[in-house]
Amino acid sequence: QVQLVESGGGLVQTGGSLRLSCAASGLTFTENVMGWFRQAPGKEREFVASITGSGVDSYYADSVQGRFTISRDNAKDTMYLQMNSLKPEDTAVYYCTADFSLVVVRAGRGFWGQGTQVTVSS
């Protein structure tokens, strides 16, 4: 079965950086669009970024554009999210998602990981 395992979360100060990883198994990695969502306390889960199977095309939420970079290593079946210039409003549980379809991933209807907590202190 499909398994997505996130790692790399933690506590960081405002302006700091973190790199999240998502290790995938049980799927043909290169055939899947991958994405990141996040959910802050009391808020709905929201789209952060996505990347196509080849890694050529990526998309970002306006709130993270220019600060976050999504990437993937198809040889390692792993996706990454480099987060720079972190702000307190970036505090959330970050989830990895995957599906064959970009539309499904962007809609938040793909497979999910268990999430990793990111906390940005002010």
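How high is the relative contact order of region 1-101, given as a whole-number percent (alpha carbon pairs under 8 Å, six or more residues apart)? Before the final figure, lay out the partial values.
Values: 201 pairs, mean separation 35.8, N = 101.
Relative CO of region 1-101 lands at 35 percent.
With bins 5 Å wide starting at 0, give me the P(r) of the chain over every alpha carbon pair, in whole percents.
P(r) for the chain, in whole percents per bin: 2, 13, 24, 27, 19, 10, 4, 1, 0.
State the extension gain, in nm to one decimal, for the chain segment bounded by residue 30 and residue 3, taking 0.36 nm per residue of separation less the distance between their alpha-carbons.
On the way: separation 27, 0.36 × 27 = 9.72 nm, distance 1.49 nm.
This chain segment gains 8.2 nm when fully extended.
For the chain, with all protein chains present and a 1.4 Å probe, just round the carbon and sulfur fraction of the accessible area to a whole percent.
Within the chain, the accessible surface is 48 percent carbon and sulfur.
Can you tell me the accessible area per residue over the chain, all protein chains present, probe 1.4 angstrom, in square angstrom? Working shown, then result.
Details: 6060 Å² over 122 residues.
For the chain, the per-residue accessible area is 50 Å².
Please report, to one decimal in angstroms, the Kirkwood hydrodynamic radius of region 21-72 built from all distinct Cα-Cα pairs. If you can, show how the numbers build up before the last one.
On the way: mean 1/r = 0.0829 Å⁻¹.
Across region 21-72, the inverse of the average 1/r is 12.1 Å.
The values are calculated or read from the model by the stated rules, or taken from the named source; none is laboratory data. Keep in mind that what you see is a predicted model, and the values were worked out from it rather than measured. Surface areas here come from the heavy atoms of the whole protein model, side chains and all, with no ligands, DNA or RNA. Shrake-Rupley method; radii C 1.70, N 1.55, O 1.52, S 1.80 Å.
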